[in-house]
Amino acid sequence: MNKLRCCFIVLLSLIFLYGCVQTNILDKVGLTTLIGYDVGTEHKIATTAVIREVNPEFQSKVEVLTTENDTSKGNRMEANRKLSKKIMVGQMRVVLFGEELAKDDLRYYIDTNLENANVSNSIYMAVVEGKAAPFLKYEYKDIEDIGQHIFRLIEQNIEQEYMISATLHQIAHDYYSIGKDLAMPIVKRDGEFVKLSGVALFKGGKMVSSLPARDSFYVKIVRDTFKVGLYEAILEKEDIPPKLKHKSSDKITVAFDAIHSKRDMVLVDASKPEFDLNIQIRSRVLEVYPDINQGHRESVAALEKAIEKKLAKEITRVIAHSQKVESDIFGFGEKYRSAVRHSNLTKDKWHKMYKDMKINVKVKFVILRDGVFE
């Protein structure tokens, strides 16, 4: 009898709980997949939302709607007044920032999304060349859902390690960290296509510069490890050792995939400060043009040294650019703060130190499986 009573109480509780849950039927809501922010008129926020609506026959259409208000919540209410379906943000995958807004300050937008329980910390963030609204509203010939297209574009390039990752979680960590600045991919419209065009560098919450998409390789290899991506190095005339010189060409192009990379930052002098940056890469060479004899060990050793020299030069160039604009996207400041006790480091203090910091870049490049091509 007691057992039956307990079962009845549990069943009754479930019925009451079910009645309290707010249900969202798919054909009665609009699913926001992407939001773009721009500077609005009279200091307002211009929000462009990509919203997918599903009808009772499970056919879907995409709405791209721009509103202006003083807050992001106000923009959502304004958008709801223009649509027949309730807007939900639980399916949001990407947040884009117009270039002008990114150069102002993104703190409000980082905090707003962090505080929203319906927004996943794994959403991607990126900067748009120009404004987000016209970029999203353009009627692309072969793109049905611009929100999903941009999400998949960013996702597959991050997975293949062609571009750095910038999720809400990563951006918030770098923004609030003393000794590291945030970086994001840059997207742009290229005719009827959308492409990743570069990497945005930030000082605090403000975008201060950018690097071309090709430099994402150097950024990633200093910030993190490199495992599965493909990269192409171009050895110019001054980079080519005598053993590899061809009469028919003044450059050698080498395509390789990084099987494994490892980087080590060592603080060698806290007063300057000065760092040794040691990077080790073990890689398979996929293609060399003009061709060289990869069965000849001396030629392979000369190629390894040439690639080491080239990578060290390019990494040094990218770091020097970040120092010039005082954007430590690599986290040298975090390493400094952990190595120097009682450093009392602040963001402003580190930015000034970072500008004059000395970095000694050394690359060790080892070719694996000589002569194996894709």
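The values are calculated or read from the model by the stated rules, or taken from the named source; none is laboratory data. This one's a predicted model, so the numbers in the text were calculated from it and none came from an experiment. Note that each Cβ is placed from the backbone with ideal geometry, even for glycine, and that neighbours are counted across all protein chains shown.
Quick one: how many residues across the stretch 130-155 are on the phi < 0 side of the Ramachandran plot, touching a residue at least 12 places away in the same chain (Cβ under 8 Å) and in a loop (DSSP other than H, G, I, E, B)? It would help to see each step written out before you state the result.
Pass one, the stretch 130-155, residues on the phi < 0 side of the Ramachandran plot: 131-155.
Within this subset, residues satisfying the condition of being touching a residue at least 12 places away in the same chain (Cβ under 8 Å) are 131-133, 135-138, 140-151, 153-155.
Those left that are additionally in a loop (DSSP other than H, G, I, E, B): 131, 138, 140-145.
The total comes to 8.
Checking each residue in the stretch 172-187 for being surrounded by fewer than 17 Cβ atoms within 10 Å (Cβ to Cβ) and not in a helix (DSSP H, G or I) picks out SER177, ILE178.
Any residue in the stretch 196-203 that is buried (at least 17 other Cβ atoms within 10 Å of the Cβ), in contact (Cβ under 8 Å) with a residue 24 or more places away in the chain and part of a helix (DSSP H, G or I)? Looking through the stretch 196-203, none of the residues is buried (at least 17 other Cβ atoms within 10 Å of the Cβ), in contact (Cβ under 8 Å) with a residue 24 or more places away in the chain and part of a helix (DSSP H, G or I).
Taking the condition of being over 14 Å from PHE97 (Cβ atoms), out of contact with any Lys or Arg (no Cβ under 7 Å at 6 or more places or on another chain) and not charged (D, E, K, R), how many residues in the stretch 163-197 meet it? Can you show your working first?
First pass over the stretch 163-197, keeping only residues over 14 Å from PHE97 (Cβ atoms): 163-165, 167, 169-170, 172-174, 176-181, 189-197.
Going one step further and asking which of them are out of contact with any Lys or Arg (no Cβ under 7 Å at 6 or more places or on another chain), we end up with 163, 165, 167, 169-170, 172-173, 176-177, 180, 189-191, 193-194, 196.
Of the ones still in play, those that are also not charged (D, E, K, R) are 163, 165, 167, 169-170, 172-173, 176-177, 191, 193-194, 196.
Total meeting the criteria: 13.
Could you say which residue among LEU303, LEU267, LEU311 is in contact with a Phe, Trp or Tyr (Cβ under 7 Å, 6 or more places away or on another chain) and farther than 25 Å from SER209 by Cα? Break it down stepwise before answering.
Working: LEU303 fails: in contact with a Phe, Trp or Tyr (Cβ under 7 Å, 6 or more places away or on another chain); LEU311 fails: farther than 25 Å from SER209 by Cα.
Of LEU303, LEU267, LEU311, the one residue that is in contact with a Phe, Trp or Tyr (Cβ under 7 Å, 6 or more places away or on another chain) and farther than 25 Å from SER209 by Cα is LEU267.
Summed over the stretch 294-323, the residues that are of a type outside the set (S, T, N, Q), without any contact (Cβ under 8 Å) to a residue 40 or more places away in the chain and either outside any helix (DSSP H, G or I) or in contact with a Lys or Arg (Cβ under 8 Å, 6 or more places away or on another chain) (or both) give a count of 1. Whether a residue is modelled with pLDDT under 80 and outside any helix (DSSP H, G or I) was assessed, and ASN278 does not pass this test. Of all the criteria given as (1) assigned to a helix (DSSP H, G or I); (2) within 29 Å of the chain's Cα centre (by Cα); (3) at pLDDT 75 or above, the one not satisfied by GLU68 is (1).
Evaluate the stretch 149-166: report whether one residue or more is surrounded by 17 or more Cβ atoms within 10 Å (Cβ to Cβ), among the small types (Gly, Ala, Ser) and in contact with a helix residue (DSSP H, G or I) (Cβ under 6 Å, 6 or more places away or on another chain). Yes, the stretch 149-166 contains at least one residue that is surrounded by 17 or more Cβ atoms within 10 Å (Cβ to Cβ), among the small types (Gly, Ala, Ser) and in contact with a helix residue (DSSP H, G or I) (Cβ under 6 Å, 6 or more places away or on another chain).
Screening SER210 against (1) crowded, with 20+ Cβ neighbours inside 10 Å; (2) under 26 Å from LYS262 (Cβ atoms); (3) not aliphatic (A, V, I, L, M) leaves a single unmet condition, (2).
Would you mind stating whether VAL127 is under 17 Å from the mean Cα position of the chain (by Cα), more than 22 Å from GLY331 (Cα to Cα) and touching a residue at least 12 places away in the same chain (Cβ under 8 Å)? Let's see the steps before the verdict.
On the way: under 17 Å from the mean Cα position of the chain (by Cα): yes; more than 22 Å from GLY331 (Cα to Cα): no; touching a residue at least 12 places away in the same chain (Cβ under 8 Å): yes.
No; evaluated as a whole, the condition is false for this residue.
Any idea how many residues of the stretch 215-244 are of a type outside the set (Val, Ile, Thr), exposed (fewer than 14 other Cβ atoms within 10 Å of the Cβ) and over 14 Å from LYS305 (Cα atoms)? Let's see the steps before the verdict.
Our first condition is that a residue be of a type outside the set (Val, Ile, Thr); within the stretch 215-244, this holds for 215-218, 220, 223-224, 226-227, 229-233, 235-239, 241-244.
Subsequent filtering for residues that are exposed (fewer than 14 other Cβ atoms within 10 Å of the Cβ) retains 227, 232, 236-238, 242.
Applying the additional criterion that residues be over 14 Å from LYS305 (Cα atoms) yields 227, 232, 237.
Counting residues in the stretch 215-244 that are of a type outside the set (Val, Ile, Thr), exposed (fewer than 14 other Cβ atoms within 10 Å of the Cβ) and over 14 Å from LYS305 (Cα atoms) gives 3.
Matching residues to (1) closer than 24 Å to MET184 by Cα; (2) in the same structural domain as ILE252 (by TED's automatic domain parsing); (3) of a type outside the set (Asp, Glu):
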| site | (1), (2), (3) |
| --- | --- |
| LYS310 | no, yes, yes |
| LYS313 | yes, yes, yes |
| ILE319 | yes, yes, yes |
| ASP328 | yes, yes, no |
| VAL340 | no, yes, yes |
| SER343 | no, yes, yes |
| TYR354 | yes, yes, yes |
| ILE359 | yes, yes, yes |
| VAL363 | no, yes, yes |
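Of all residue pairs spaced 6 or more apart or on separate chains, those with beta-carbon atoms under 8 Å, a first member in the stretch 101-121 that is over 10 Å from SER72 (Cβ atoms) and a second member that is of a type in the set (Val, Ile, Thr) and not in a helix (DSSP H, G or I) are LEU101/VAL39; ALA102/VAL127; LYS103/VAL208; ASP104/VAL39; ASN118/VAL89; VAL119/VAL89; ASN121/THR167. Looking at the stretch 295-303, is at least one residue modelled with pLDDT of 95 or more and surrounded by 16 or more Cβ atoms within 10 Å (Cβ to Cβ)? For the stretch 295-303, residues modelled with pLDDT of 95 or more and surrounded by 16 or more Cβ atoms within 10 Å (Cβ to Cβ): absent. Quick one: is TYR218 on the phi < 0 side of the Ramachandran plot and either part of a helix (DSSP H, G or I) or modelled with pLDDT of 95 or more (or both)? When the stated conditions are applied, TYR218 passes them.
On the given criteria, is ASP328 surrounded by 19 or more Cβ atoms within 10 Å (Cβ to Cβ) and at pLDDT 90 or above? Working first, answer last.
On the way: surrounded by 19 or more Cβ atoms within 10 Å (Cβ to Cβ): yes; at pLDDT 90 or above: yes.
Taking the combined requirement at face value, the residue satisfies it.
The set of residues in the stretch 204-215 that are free of Cβ contacts under 8 Å to residues at least 60 places away in the same chain and not in a strand (DSSP E or B) comprises ALA213, ARG214.
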